[in-house]
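I have placed the structure first, in the form of structure tokens, so that the comments after it can refer back to it.
Any read-out appearing in this document is the output of simple, stated calculations on the displayed coordinates, not a laboratory observation. These figures come from a predicted structure and were not determined experimentally. Quick reminder, even Gly has a Cβ in these numbers, built from the backbone with ideal geometry, and neighbours come from all protein chains shown.
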Protein chains: 2
Amino acid sequence: MAEKIIIIGGVAAGPKAACRVKRLLPGAEVTIIDQDSLISYGGCGIPYYVSGDVADEKELRSTSFHMVRDEYFFEKAKGVHALTSTRALAIDRKNKTVDVEDLNTGKVSSLPYDTLMLATGSTPVQLPVPGADSSNVFTISDLHKAVAIKEMIAKGLVSRAVVIGGGAIGVEMAEALSDLWGVETSLIEYMDQLLPGIVDKPMARILEKNLRDNNIDLYLNEAAEQIITENGKGVAVRTAKSTLDTDLIIMAAGIRARSELARDAGLLVGATGGIVVNERMQTSDPDIYAAGDCVEIMHLVSGQKFIAPFGSMANKEGRVAADNMAKIPSTFKGGVGSFIVKAFDVSLGAVGLSLQAARAAGFDAELSLSSPSDRAHFYPGQDIMCIGLVFDRRTRKVLGLQGTGPVTDGLSARIDAAAVALCAGATLDDFSNIEMAYSPPFSPAIDPINAAAYIADNLCDNRMRQLSLEQFYAWMESPATNPERVVLDVRHPNQAEPFVEAFGADFWLSLPYDEVRDRFAELPRDKELVIFCNAGSRSFEVQVFLDHVGYGNNIVLPGGFNVIRRMGADWLPVD
Amino acid sequence: MAEKIIIIGGVAAGPKAACRVKRLLPGAEVTIIDQDSLISYGGCGIPYYVSGDVADEKELRSTSFHMVRDEYFFEKAKGVHALTSTRALAIDRKNKTVDVEDLNTGKVSSLPYDTLMLATGSTPVQLPVPGADSSNVFTISDLHKAVAIKEMIAKGLVSRAVVIGGGAIGVEMAEALSDLWGVETSLIEYMDQLLPGIVDKPMARILEKNLRDNNIDLYLNEAAEQIITENGKGVAVRTAKSTLDTDLIIMAAGIRARSELARDAGLLVGATGGIVVNERMQTSDPDIYAAGDCVEIMHLVSGQKFIAPFGSMANKEGRVAADNMAKIPSTFKGGVGSFIVKAFDVSLGAVGLSLQAARAAGFDAELSLSSPSDRAHFYPGQDIMCIGLVFDRRTRKVLGLQGTGPVTDGLSARIDAAAVALCAGATLDDFSNIEMAYSPPFSPAIDPINAAAYIADNLCDNRMRQLSLEQFYAWMESPATNPERVVLDVRHPNQAEPFVEAFGADFWLSLPYDEVRDRFAELPRDKELVIFCNAGSRSFEVQVFLDHVGYGNNIVLPGGFNVIRRMGADWLPVD
């Protein structure tokens, strides 16, 4: 009798595993069960469907050769049964059956399995605020909701929207609503930055400025406390400080693993809420596999478990699960949290740990900040990236890389290379020698990833001393808190001039880089010098020289004006 | 007394090491010697200067903050002496001196050193053909020649040009001459493909088609035998088959390490012609370092030595040399040959070994070919990449990755990630799980690098059988050589139709992917089926099914129509 393989969940990990295992065991009877009527779609594409970049929701569930991945497709093309609108109710591990309900008929039946796989995904966090059940409050969790949102907008019913949550989905949805539809969009984030836990403040500030420059109103450090309703419709979102009128509310306050079915069946579920699996993607019952958003995986930098809710990871995990179902001993060792998001004309990416996360995880972590060119600086169209490299002083290991850049694939290239290196436990020395393909249209001779490691190496060996951007901003906002400190601007005098005018020549000293060696004696000996340039590299060079000639009371501002202008500040005299 | 550090060579590795060691040892006396009057330039930018993308040669030797890196700059900004127009004649290792000649005055003097570094670079191969010394024959080796070429073109003296050599510089120069200046350009390559040794034929063919489509005339398998001259000027290049009239001749026939000075001083020079160095970048004399194009380094895939003539590598090696001069025990372990080139609207990249190089190096190598989308296939502007992954059947190690794509940084991202993985000795299983940052504007959920590994995994485990593109092309050009073979096109009938019309329904069978399971019995049992689709993945799926139902006489065409249309063929019925 044919081996029976049942896979619960039909979005990403499930279909991947189903098709792979069917190819490995063509004689097996493979069945996907999903409570939705639509399956095998690119959920990450929903913001681009809402924005209109993708015209039809069918494109999100079509192959590259334009076949819609529906029940017919799975049956005919893949030889896989897909039971849609079918909810898995319970797993009987002893008798190896799954109880399912046909949601159209209400009929309950029991399906036998030899091997079972859980790909139950994740569910959006529903904030427990009054009014959250209003008809115009949507999570970004399935295609039906996406269609409903787009219909509302297309009908002209949405002139204002509030997005609750400043993670990737919140940011992408804010862009989708504002950019192409011109919806007046506000975004509320409970923490004091966008993408908390993913990037540190400098990168978050760059993203925030970019959103504000594109007419998204940000409400950081605020929590949605109530959705004010009229006739069952949310008409405003109230925080402790603000009341935001709205026609549409997107709730993007994070996700949690959908692991109830597993838990009810007595399978181990971790503290993250994700199903516990081994490297073969087996749950605590070896005949039951799990993959995708519903499992917790090893973070290969922190050594801790985490949920990695990405379609890309779901596919990899699903394939490994399928291999093992077919007795091929593939393993999935974990992940490093590779992440990238587009917001208007900025890309923001990260991999590994942020400084904050690294310190919370016990590392003696530090951030090296830089702002290199994304390709040869003489090549037309070059742009600046802002790169943060997080490293551990104790082991010299790189813990993470984060950055912003233009919307090319240039940032991806650095994040992806770093991801591979992080998985290999790479040190600063390894990062210094990562061999990025070099040609002026694609990269500078000293690649941003190498340059970031060089700076970190100088920091780690205490050859460079830096002021964090947070410290610099705090001081610039209240210079009186440290009156013994002045800025030494080593850029061209034309660039320094507006700052000298704004802050005075005693506070903002201008001494060009190439004149420091001849004129350093003009510098005050009784002040701490914050050395300032465009990218930080000249500042470091000046620091080394000033230390050498006995002006050691100085500190480098890393990343320099390139970063600050992208972060923005009220006190900046130039745009 | 200050430590004296002399660095011979002022283009890339030399200036990098000089500035780094000066920062590490601010009290040292650091001197760069170069026979040229212009130093510290981005030689890789020369094609973009000639094309006009870069207006002024000064941009190639300027910092990102627009200071020209001349003697003044090194002295004032870096604290480094630069002796330009000064040729190093000989090294006296016993007395630790370098004899130098001031090329302006002819004066010879002897400079003492404590530590010496050789960064003498490479020299272009001068083909020993009659007429090669004509005034309009140029190598791409320094800025003076670049200026001279551009002047000739700008004066309208060049309506036709011949480029000798189909490596990266030859390709870039052909584009530079043709694209912006409209020069009728021919390119001669001795081997039967462009970029021999770097990529295999399918990728080379894609590049070749792209050049031809952009009006570059290619003469492959031909050698320049004579430059016909008139009044000291080359007026035509003659090969065994062709005579190409020309106004300008670019000789780009490769480079060799400039290691004479080292050899004359008794330092070890390897079989590659490069100076032998250890991982600390020390030559066989521990007080003499060497870095850049003049050294041979370890190829971390083949285990053999090679010359890596890239400014990016020179910078890394120079930094490691400087660290060691300052007693910091940094190491440089070698490289994997990361490579990328732009040609019109195509990017071509490679890292590690080509199939041909891998087999020559003794590996049981095979090529997995695929043609995935570079980002989510539903995202606007997505494009197809062609990816070749070379792996070793015996160890399952990945040996190389090569590809073509649009001129975004998307190909870079895959080459760079692969470079890091190759350095870590990654296997197919590691490549299957490389965690590329996923978001629809930047990547598909199953990244091309993962997909390439999946296919290779199926090949390596003998789950997939493939026909090489070379074999397919040979057969399509002479179908009679194998009359027992037919094509099974599983694409949509609309796509198959022109092929069925051109070749007949008995030769080019059309049976759509989603109908194979119902209609396979219609297929001939006495023929070998070459399964054909757009990208190869449906073909593999059909192969698995046909094998299962007893139609095992079939073989997959990897990469499918996506690759073939980019390679081009006379027999293709569609464009």
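With its label point defined 7 Å out from Cα along the Cα-to-Cβ axis, residue A:278 lies at 4.6 nm from the matching points of the other copies, in increasing order.
Peptide packing for A:45-57, B:394-406 was compared via the average number of neighbouring C-beta atoms within 10 Å per residue; ordered from the highest value, the list is B:394-406, A:45-57. Within the protein assembly as shown, antiparallel bridges make up roughly 55 percent of the DSSP beta bridges whose residues both belong there.
Karplus-derived 3J(HN,Hα) values for the range A:447-456, using 6.51 cos²θ - 1.76 cosθ + 1.60 with θ = phi - 60°, are 5, x, 6, 6, 4, 4, 5, 4, 5, 4 Hz; glycine and proline are entered as x.
Each Lys and Arg contributes +1 and each Asp and Glu -1, all at the Cβ; summed about the Cα centre of chain B, the dipole is approximately 1540 debye.
Cβ crowding within 10 Å ranks A:533, A:294 as A:533, A:294, fewest other Cβ atoms first. Computed from backbone phi, the HN-Hα couplings of the range B:521-534 come to 5, 6, 6, x, 8, 9, 10, 7, 9, 8, 7, 10, 9, 6 Hz, rounded to whole numbers (Karplus: 6.51 cos²θ - 1.76 cosθ + 1.60, θ = phi - 60°; Gly and Pro given as x).
Taken over chain A, the alpha-carbon convex hull comes to 170 cubic angstrom per residue. Given +1 at the Cβ of Lys and Arg, -1 at the Cβ of Asp and Glu and no other charges, the dipole of the range A:246-340 around its Cα centre is 260 debye to the nearest 20. Inter-chain Cβ neighbour count for A:375-387, averaged per residue, equals 4 (cutoff 10 Å, partner chain atoms only). Considering only A:297, A:355, A:341, the residue lying farthest towards the positive end of the dipole of chain A is A:297, judged by Cα position with unit charges set on Cβ. In this structure, the residue pairs whose Cα-Cα separation is over 21 Å, taken from A:155/A:342; A:94/A:333; A:22/A:145; B:96/B:305; B:58/B:150, are A:155/A:342; A:94/A:333; A:22/A:145; B:96/B:305.
Taking amide H positions as modeled 1.01 Å from N, with prolines and chain starts lacking one, the residues under 5 Å from residue A:86 and 5 or more places away or on another chain are A:34, A:35, A:36, A:103. Karplus-derived 3J(HN,Hα) values for the range B:187-197, using 6.51 cos²θ - 1.76 cosθ + 1.60 with θ = phi - 60°, are 10, 10, 10, 5, 7, 8, 7, 6, 6, x, x Hz; glycine and proline are entered as x. For residue A:295, the residues 5 or more places off, or on other chains, whose built amide H falls under 5 Å of its own are A:275. The mean count of C-beta atoms from other chains within 10 Å of the C-beta of residues in A:327-338, rounded to a whole number, is 3.
The distance from the alpha carbon centre of the range B:449-484 to that of the range A:274-301 is 35 Å, rounded to a whole number. Placing a label point 7 Å from the Cα of residue A:552 along the Cα-to-Cβ direction, the distances to the matching points in the other copies come to 7.8 nm, shortest first. Counting only DSSP beta bridges with both residues in chain A, tell me the antiparallel percent, nearest 5. Of those bridges, close to 55 percent are antiparallel.
Neighbouring Cβ atoms from other chains, within 10 Å of the Cβ of residues in A:59-70, number 4 on average.
Give the calculated FRET efficiency between residue A:526 and residue A:497 to the nearest 0.05, with a Förster radius of 30 Å applied to their Cβ-Cβ distance. For residue A:526 and residue A:497, the calculated efficiency is 0.75. From its DSSP helices (H runs of at least four residues, each -39,500 (n - 2.57)), the protein assembly as shown gives a residue-normalised ellipticity at 222 nm of -8000 deg cm²/dmol. With Cα atoms defining each centre, the range A:493-547 and the range B:358-424 are spaced 47 Å apart in the structure. Position residue B:266: other-copy label points at 8.1 nm, ordered by increasing distance, label point 7 Å along Cα→C-beta.
Annotation: amide H-H contacts under 5 Å for residue A:226 (H modelled 1.01 Å from N, sequence separation of 5 or more, or interchain): A:238.
Taking all C-alpha pairs of the protein assembly as shown, those more than 43 Å from each other amount to 43 percent.
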